[in-house]
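Shown next, in structure tokens, is the structure this report addresses.
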Amino acid sequence: MSEYNPTPGAVPPPPDVPSVPAVPAVPAGPSPVLSMEAVIEQARTMRLRNADDIAHRLARGERLDAERLYGVLHSQKLAGWWLLIDRHIRCGSVGRGLTPAGVVAKYVSWISPFLEERASCEAPFTFDVLGVKSVQELALAHLDRAMALIRQDAAGTFLEQVKSLAPASAEQEQSRSGLAGQEATA
């Protein structure tokens, strides 16, 4: 998966650049219990690592395969949701009566419908069926379907991560809401 496909004028990869997994590894069996901060940091790290990997590959003139792009887009969507949650918690949603668990619950209700989103894979996908007039329109229609599937998979991963969150103690909730209240008044 990390083979080097040279193109004219491409620079070979440096030997010290580690290969980054396209999709975060999901442990088999029961999910480990994680704190919300750990999940947010994991999403942030995976997003940055994937973005750096894509930038390095493009700079070296390598071909990007579908698996790599899927992993990057999946982690971008997932990290985007977790970073929005982090922003809402840090920027005052907690101070307006929501607990961090309440913020997560809001996002769960918003993201859950993505699981039901269908990208009708049953229908043939040709020029005739879609009524498209160019190869670009056909490619864009395929990409729209692929993005819907990636969003659906990321929603499933998000909901699994929410289930694996460690319940916050009452003391942690109070300290977080107290800090958020102090930031809002400052």
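Only the coordinates and a few stated rules stand behind these numbers; no lab work does. Just so you know, these numbers come straight off a predicted model, no measurement behind them. Cβ atoms come from the backbone with ideal geometry, glycine included; neighbour counts cover every protein chain shown.
Along the Cα→Cβ direction, 7 angstrom out, place labels at A59 and S164. What is the inter-label distance in nm?
Placing both labels 7 Å beyond Cα along the Cβ direction yields 3.1 nm.
Using each residue's phi in region 104-110, evaluate 6.51 cos²θ - 1.76 cosθ + 1.60 at θ = phi - 60° and report the 3J(HN,Hα) Karplus result to the nearest Hz, with x for Gly and Pro.
Those phi angles translate into 4, 4, 4, 5, 4, 5, 7 Hz.
Mind checking which lysines have their Cα closer than 26 Å to the Cα of K106? Skip sequence neighbours fewer than 8 apart in that chain.
K77, K163
Need one number: nm distance between label points at C91 and H142, each 7 Å from Cα along Cα→Cβ, rounded to one decimal.
3.8
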